[in-house]
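Here the structure is laid out as structure tokens; the discussion comes afterwards.
The values are calculated or read from the model by the stated rules, or taken from the named source; none is laboratory data. Since we're looking at a predicted model, the values are computed, not measured. Note: ideal-geometry Cβ built from the backbone for every residue, glycine included; neighbour counts use all protein chains shown.
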Amino acid sequence: MGFSDTSPYGGEIFTLNIASLAYQSAMFTNFHVAPTCTPTRAMLLTGRDNHIVGVGNMKELLADNQFGERGYEGGLNSRAVTIATILRAAGYHRYMAGKWPLGQTKERLPASQGFEESVVLGEGGADNWEKKSYTPKYNAVHFYEGFNEIDLPADFYSSKFYTDRLLGYIDKNANDGKPFFGYLAFQAVHQPPQAPAEFTKRYVWTYRVGWSAIKQMRYHIMTSEGGTRAPLVIRYPKKVAVGERTDTFAYVLDVVPTLLDLAGVTPQQVNELATFGGRSMIPLFCRRFKGDSRQQRGVLRPSLLGIPQCIAATTSWYAICHRFAISNGTFTISVLTQPRRTIFLQPTLTWSRP
């Protein structure tokens, strides 16, 4: 799903429920993810860099020099601790429904990764109406509930099926007084584009302009606003003000620390697995924080800005100011975010805090 696919972010399809949620939330306009799906999901669930937790690349796209290498195991490895595992120790119910391309062995399925209830697709995508592959890369697809492979109901449509199952999990324990964590990972936002006729018929006239016109419009939007940028809204009325917007740079690694911050949960691990690659985004919106506490956030991966590896590897990078410049002592990169992000690379003459 692209940055501009939903209506709150300028999409031509009116996504009613997402719009309703967005208008009650704080919205990010500079939130970024990895270039591909599976590495993003690995970071979304663990808060750690995808190379650390075993998903340095999608297994379907592994290069010859990546097979068998540490960090490219093709699924979550022993260094991965999911947010579900952390919240289990805090007394939460943990439910999941949807796409899970992070491993189909017993130790990698959601049931071994902290989720007490789960129903998932094990591959990176599938037909949304039937239990069949959409690509020659998969001869077959597999769905699991817990550890058990399952067949699909006759009236299966992926979005409805996953939503109904997740709601069923929540309802089953709704009266026990325990908090819950729910992760709903829709499959239909992925290829192939399939939706019920009751939805598609509403946009027959919208798309009569033709593929080329829509492609040109989308290309313009994605060039100026897209790439690795993705929509993100946070709704939590107790701490996050409704209607706030921020163009502060944020990354998928910030999601787990943010959720744990909102839940008031501190990871119980006493080893390196307790460290995260990001930090909480809540200080950006809490009324008790007047300034942006992330002005000198100190962690910004050069690869996200397209910095050549030969330069990025020279030394550690330091954020001077997250919106304007970063320096490694040899070069300074200036980043202008309005109206479009422009990047300048120049020799560093002096180093000073702005």
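Points worth noting:
- All positions within segment 97-112 that are part of a loop (DSSP other than H, G, I, E, B) and closer than 26 Å to residue 156 by Cα: 100, 101, 102, 103, 104, 105, 106, 108, 109
- Highlighted here are the helices (runs of 4 or more DSSP H) found entirely within segment 135-233 that include at least 1 residues which are of a type in the set (Ser, Thr, Tyr) and touching a residue at least 60 places away in the same chain (Cβ under 8 Å): 158-172, 211-225.
- Considering residues of segment 143-183 that are within 25 Å of residue 86 (Cβ to Cβ) and basic (Lys, Arg) only, the residue farthest from the chain's Cα centre (by Cα): 172
- Residue check, residue 13 out of contact with any Asp or Glu (no Cβ under 9 Å at 6 or more places or on another chain) and farther than 16 Å from residue 253 by Cα: no
- When the residues of segment 124-146 are filtered to those that are crowded, with 16+ Cβ neighbours inside 10 Å and out of contact with any helix residue (DSSP H, G or I) (no Cβ under 9 Å at 6 or more places or on another chain), the one that is farthest from residue 190 (Cα to Cα) is 143.
- Candidates 180, 156, 186, filtered to the one that is in contact with an Asp or Glu (Cβ under 8 Å, 6 or more places away or on another chain) and assigned by TED's automatic domain parsing to the domain that holds residue 58: 156
- Segment 7-32: number of residues that are touching a strand residue (DSSP E or B) at 6+ places or on another chain (Cβ under 8 Å), assigned to a loop (DSSP other than H, G, I, E, B) and surrounded by fewer than 20 Cβ atoms within 10 Å (Cβ to Cβ): 2
- Condition check for residue 190: modelled with pLDDT under 90, crowded, with 17+ Cβ neighbours inside 10 Å and not hydroxyl-bearing (Ser, Thr, Tyr): yes
- Single residue of segment 155-181 satisfying the filter (surrounded by fewer than 17 Cβ atoms within 10 Å (Cβ to Cβ) and small (Gly, Ala, Ser)) that is farthest from residue 121 (Cα to Cα): 177
- Qualifying residue in segment 51-69 (condition: more than 21 Å from residue 172 (Cβ to Cβ), out of contact with any helix residue (DSSP H, G or I) (no Cβ under 8 Å at 6 or more places or on another chain) and in a helix (DSSP H, G or I)): yes
- Test: residue in segment 54-64 that is under 24 Å from residue 227 (Cα atoms), assigned by TED's automatic domain parsing to the domain that holds residue 102 and touching a strand residue (DSSP E or B) at 6+ places or on another chain (Cβ under 8 Å): no
- Selection of first residues in segment 7-27 that are farther than 16 Å from residue 235 by Cβ and assigned by TED's automatic domain parsing to the domain that holds residue 205 and of second residues that are hydroxyl-bearing (Ser, Thr, Tyr) and assigned to a helix (DSSP H, G or I), restricted to Cβ pairs under 8 Å at least 6 apart or on distinct chains, gives the following pairs, ordered by first then second residue: 12/203; 12/206; 13/7; 13/203; 13/206; 14/7.
- Whenever a residue of segment 91-102 is of a type in the set (A, V, I, L, M), its partners that are outside any loop (DSSP other than H, G, I, E, B), lying with C-beta atoms within less than 6 angstrom and at least six residues away or across chains, give the pairs 96/110; 96/118; 96/183; 97/119; 97/162; 97/165; 97/166; 97/184.
- Hits in segment 33-49 (condition: in a helix (DSSP H, G or I) and within 18 Å of residue 70 (Cβ to Cβ)): 38, 39, 42, 43, 46
- Options 79, 94, 88; residue that is assigned by TED's automatic domain parsing to the domain that holds residue 171, part of a helix (DSSP H, G or I) and either surrounded by fewer than 19 Cβ atoms within 10 Å (Cβ to Cβ) or modelled with pLDDT of 95 or more (or both): 88
- Filter result for residue 44 (in the same structural domain as residue 275 (by TED's automatic domain parsing), out of contact with any Gly (no Cβ under 9 Å at 6 or more places or on another chain) and surrounded by fewer than 15 Cβ atoms within 10 Å (Cβ to Cβ)): no
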